[in-house]
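> Provided herewith is a single structure, encoded as structure tokens, for subsequent inquiry.
The values are calculated or read from the model by the stated rules, or taken from the named source; none is laboratory data. This is a predicted model, so every value here is computed, not measured. Heads up, the Cβs are rebuilt from the backbone with ideal geometry, glycines too, and the neighbour counts pull from every protein chain shown.
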Amino acid sequence: MKRILFYIMISLTFFGCNFTILDLTTVYSQFTKDDLSYLHYNKDTLISVGQNIEYKDTITYLRNDTDSIHVKIETKIDSYFDNPWIQKIKEISGSSSMYFNKSTGFRYANIQVSRDGNGGGYPVRFFEVSAYGTWGFSKQYLYNDTIQLDTALVQGKIYQNVYKFYPPLEGKTDIRLIYFAKKYGYIKIEKLDGTKIERIDTGK
């Protein structure tokens, strides 16, 4: 009888510890100011407590040096559990997406940033651009990737901290180059046939 009581006490202690682990207070991963500079968002700081955020705006581009086009952009930021059974840490993810009119020759441009909850969080950045009638281009950077940023002159404005992508010509994409500037997003996209869009600085 004593042995049975002993095993019952051990079992209760074990399950009690497990329940304590599962009931830990949720920890929310946070975007840094640098993380937010990749997204089209009207604030440069954010405290996440699990809320879903949506922000919509319009960006103006010049197509082929002649036509001004206004493109809607939507930013979404949310938190999610990567593995709630192991730890109550919510990772954070955000994306800014633009969809173009088919007459422009382009389909969409997207940037996604995420940060996990491991040891304070590691950032991941994912760039994606697509044109009609061809495969798109995508590039992912992990937290430990070495990145060489540059400057770019687009429509009379000099942009700093610019990612420059030049998809290989032997690939399946018709996209020749992509310029992405932190705090401004996609500032220039050009196809092999010369079709291009360049961001017009409106002070936003």
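> Can you give me the number of residues within segment 45-62 that are more than 22 Å from residue 154 (Cβ to Cβ), aliphatic (A, V, I, L, M) and assigned to a strand (DSSP E or B)?
Step one: of segment 45-62, the residues more than 22 Å from residue 154 (Cβ to Cβ) are 45-56.
Then drop every residue that is not aliphatic (A, V, I, L, M), which leaves 46-47, 49, 53.
The next check asks that each one be assigned to a strand (DSSP E or B); those that pass are 53.
Counting residues in segment 45-62 that are more than 22 Å from residue 154 (Cβ to Cβ), aliphatic (A, V, I, L, M) and assigned to a strand (DSSP E or B) gives 1.
Residues are listed down the side, and each one gets a yes or a no for (1) under 15 Å from the mean Cα position of the chain (by Cα); (2) under 21 Å from residue 157 (Cβ atoms); (3) aliphatic (A, V, I, L, M); (4) modelled with pLDDT under 90:
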| residue | (1), (2), (3), (4) |
| --- | --- |
| 35 | yes, no, no, no |
| 43 | no, no, no, no |
| 66 | no, yes, no, no |
| 82 | no, no, no, yes |
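> Of all residues being basic (Lys, Arg) and touching a residue at least 12 places away in the same chain (Cβ under 8 Å) in segment 22-67, which is surrounded by the most Cβ atoms within 10 Å (Cβ to Cβ)? Just the residue, please. It would help to see each step written out before you state the result.
So in segment 22-67, the residues basic (Lys, Arg) come out as 33, 43, 56, 63.
Restricting the remaining residues to those that are touching a residue at least 12 places away in the same chain (Cβ under 8 Å) gives 33, 56, 63.
Values: 33: 10, 56: 10, 63: 18.
Here the answer is 63.
> Condition check: in a helix (DSSP H, G or I) and at pLDDT 85 or above. Does residue 78 satisfy that?
On the way: in a helix (DSSP H, G or I): no; at pLDDT 85 or above: yes.
No: the conditions fail for residue 78.
> What do you reckon, is residue 73 β-branched (Val, Ile, Thr), surrounded by 16 or more Cβ atoms within 10 Å (Cβ to Cβ), closer than 28 Å to residue 122 by Cβ and at pLDDT 95 or above? Step through it out loud before you land on a result.
On the way: β-branched (Val, Ile, Thr): yes; surrounded by 16 or more Cβ atoms within 10 Å (Cβ to Cβ): yes; closer than 28 Å to residue 122 by Cβ: yes; at pLDDT 95 or above: yes.
Criteria met by residue 73.
> Can I ask one more? Would you tally the residues in segment 92-109 being surrounded by fewer than 17 Cβ atoms within 10 Å (Cβ to Cβ) and touching a Leu at 6+ places or on another chain (Cβ under 8 Å)?
The qualifying residues number 0.
> Another question about this same structure. Output yes when any residue across segment 5-24 is modelled with pLDDT of 95 or more and either assigned to a helix (DSSP H, G or I) or among the hydroxyl-bearing types (Ser, Thr, Tyr) (or both), and no when none is. Break it down into steps so the answer makes sense when it comes.
The first filter runs over segment 5-24 and keeps only residues modelled with pLDDT of 95 or more, leaving none.
For segment 5-24, residues modelled with pLDDT of 95 or more and either assigned to a helix (DSSP H, G or I) or among the hydroxyl-bearing types (Ser, Thr, Tyr) (or both): absent.
> A further question on this structure: List the strands (runs of 3 or more DSSP E) that sit entirely inside segment 110-204 and contain at least 3 residues that are at pLDDT below 85 and loosely packed, with under 13 Cβ neighbours inside 10 Å.
Details: elements: 123-131, 137-141, 150-154, 157-165, 175-181, 185-191, 196-199.
Of the strands (runs of 3 or more DSSP E) lying wholly inside segment 110-204, none has at least 3 residues that are at pLDDT below 85 and loosely packed, with under 13 Cβ neighbours inside 10 Å.
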